[in-house]
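The values are calculated or read from the model by the stated rules, or taken from the named source; none is laboratory data. It should be emphasised that the depicted structure is a prediction, and the values quoted were computed from it without experimental measurement. FYI the Cβ positions are ideal-geometry reconstructions off the backbone, even for glycines, and counts take in every protein chain you see.
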Amino acid sequence: MSPGKRAMVGAHIALVILCVSAREVRAQTDSPPVRIRARHDVLVRWAPRYRLDTSVDPLGLEQRLWRRVDSLPLYHRAALDARNLVDGHLSLHFSGWGALDLFADSEGGVAAGDVAIGFVEVDLAPVRLWAGRRFVTFGPPGGLHVDGGGASARTDFGLVAEAFVGRPVTPARVSLLGPEPAFDDATVAYGARVAYADAGTLSVSAGYAELWGNGILGSRTVDVAGYWYPGDLRVEAGAKVDVRSPGVAQARLGAAWRAERHVSVDADYLHLEPGRWIPPWSILSVFETSTYDELSAGVTWRPLRALALRGELAGRLYSRPDVQDEAPLGYRAEVTARVLPLPDPGVRLRVLISRRDDGVVGYTLLTAGAAFDPWPRWVIALDGAFGIDDDAERDSVLARATLEVHPADEWKVGVTLSVARTPIVEAETRAMLRASWSPGVP
């Protein structure tokens, strides 16, 4: 049995034991109450895919054809969050999945599974220790999954220090077909962070992380971040600095202000250099990536409690060393409307109109969705998306309908049917059945 399948079986057993015994444990001790949240999803999804096959004909000419590949994977997804076990000293956290292709496609994957998060944490106040697979938010842009361990310490006046060490991993998500990205050559990652927080008003942090693979330094990153909430004004800032070859991989500065009860305005500046995200041992490092700076501003207006309207405009300046002329300019303009009746939900609506252009290709995106409850514990949702490209040959359309039923407080059962037209296929149909069980203690 693969490690992913063994972890899934262990999680199911632990889930049953913890749900049965949690109330008894809480009654026998004076420690903080045991809190357990668990979820188990079962999904069957018919999802045709298209693979580009290359062959050589008898004349030696290369032919490329898109071939349809059908799959019918049966997914199991489990999540567990158990806190304050063993007199409040132990916590367990798990999230993983397993799948079997009921069509048993011999040219693709038949079975798959992986663990996204799986670690145990011990609270020895003021110190916490953890071991297993965990996601670390600082380090390379986008964070990092590691198999390893770490420790943290917290003071009464808001100061926190933490450190970790482990092997980088890239958990697979849902794919049964094709290769999965992985840190096959990465061997170790480690880092540390210090932070200070003052009751949600002020927070600052600084972190450092290194990623090594096959004897090569992949990344060496310094993270700094902070926010300040003085009343109706909110200011946030953060940066990831590549100190291997000094430069800023990512930086952001944003501010939002509630001008009056129904109106708030915000502005953001973003600098992004994707090329610094990719380790030198990755095949992706040979591809050219574009650095850009983006400045955006938006206004949100809530004339009614159930209605929110938002407009946003952003300009983007690209920096491409291979382009000798003036740097390409791009922009993004969006208008969003949301209707959410409260406290008694009626018809919920969402509409987005977006125009985007990166200086080379422009397109218009229209999305809309509606949800309503025809009967108690029944929900129907309708969604649609239209991508109108400046090149009409690449237009895309998606329509989706969902029916969800809540037969009990802990159960949800649903079915989704979607139809799409993309630049690859003129018509594509997908269907999904799902059932979710979400017990909670207390």
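Within the stretch 4-27, not a single residue is modelled with pLDDT of 75 or more and either touching a Lys or Arg at 6+ places or on another chain (Cβ under 9 Å) or closer than 22 Å to G132 by Cβ (or both).
Kindly indicate whether any position in the stretch 61-81 is among the charged types (D, E, K, R), surrounded by fewer than 16 Cβ atoms within 10 Å (Cβ to Cβ), at pLDDT below 85 and not in a strand (DSSP E or B). Yes.
Would you point out which residue out of V397, V415 is farther than 23 Å from V44 by Cα, in contact (Cβ under 8 Å) with a residue 12 or more places away in the chain and of a type in the set (A, V, I, L, M)?
Numbers: V415 fails: farther than 23 Å from V44 by Cα.
Unique residue meeting the criteria: V397.
Summed over the stretch 38-87, residues that are more than 30 Å from L102 (Cβ to Cβ) and touching a strand residue (DSSP E or B) at 6+ places or on another chain (Cβ under 7 Å) total 9. Taken over the stretch 333-386, the criterion of being over 26 Å from P303 (Cβ atoms), of a type in the set (D, E, K, R) and assigned to a strand (DSSP E or B) is satisfied by R356, D357.
Would you please name the residue that is nearest to D293 (Cα to Cα), looking only at residues in the stretch 244-259 that are among the small types (G, A, S) and surrounded by 14 or more Cβ atoms within 10 Å (Cβ to Cβ)? Give the derivation first.
Step one: of the stretch 244-259, the residues among the small types (G, A, S) are 245, 247, 249, 251, 254-256, 259.
Those still in the list that are surrounded by 14 or more Cβ atoms within 10 Å (Cβ to Cβ) too: 249, 251, 254-256.
Working: A249: 11, A251: 9, G254: 14, A255: 17, A256: 19 Å.
Among those residues, the one meeting the criterion is A251.
Just one of the numbered conditions (1) hydrophobic (A, V, I, L, M, F, W, C); (2) modelled with pLDDT under 85; (3) surrounded by 14 or more Cβ atoms within 10 Å (Cβ to Cβ) is not true of A199: (3). How many of the residues in the stretch 366-379 are of a type outside the set (S, T, Y), within 17 Å of V419 (Cα to Cα) and either in contact (Cβ under 8 Å) with a residue 60 or more places away in the chain or crowded, with 16+ Cβ neighbours inside 10 Å (or both)? The qualifying residues number 1.
Within the stretch 389-407, which residues are in contact with a strand residue (DSSP E or B) (Cβ under 7 Å, 6 or more places away or on another chain), more than 19 Å from S418 (Cα to Cα) and not in a loop (DSSP other than H, G, I, E, B)? First the steps, then the outcome.
Residues of the stretch 389-407 that are in contact with a strand residue (DSSP E or B) (Cβ under 7 Å, 6 or more places away or on another chain), as a first pass: 389-390, 395-407.
After this cut, where a residue has to be more than 19 Å from S418 (Cα to Cα) as well, the list is 389-390, 406-407.
Across the stretch 389-407, the qualifying residues are D389, H406, P407.
Taking the numbered list (1) part of a strand (DSSP E or B); (2) touching a Ser or Thr at 6+ places or on another chain (Cβ under 6 Å); (3) closer than 30 Å to V194 by Cα in turn, D87 passes all entries but (1). Checked against (1) at pLDDT 95 or above; (2) buried (at least 19 other Cβ atoms within 10 Å of the Cβ); (3) more than 23 Å from L211 (Cβ to Cβ); (4) charged (D, E, K, R), E162 meets all criteria but (3).
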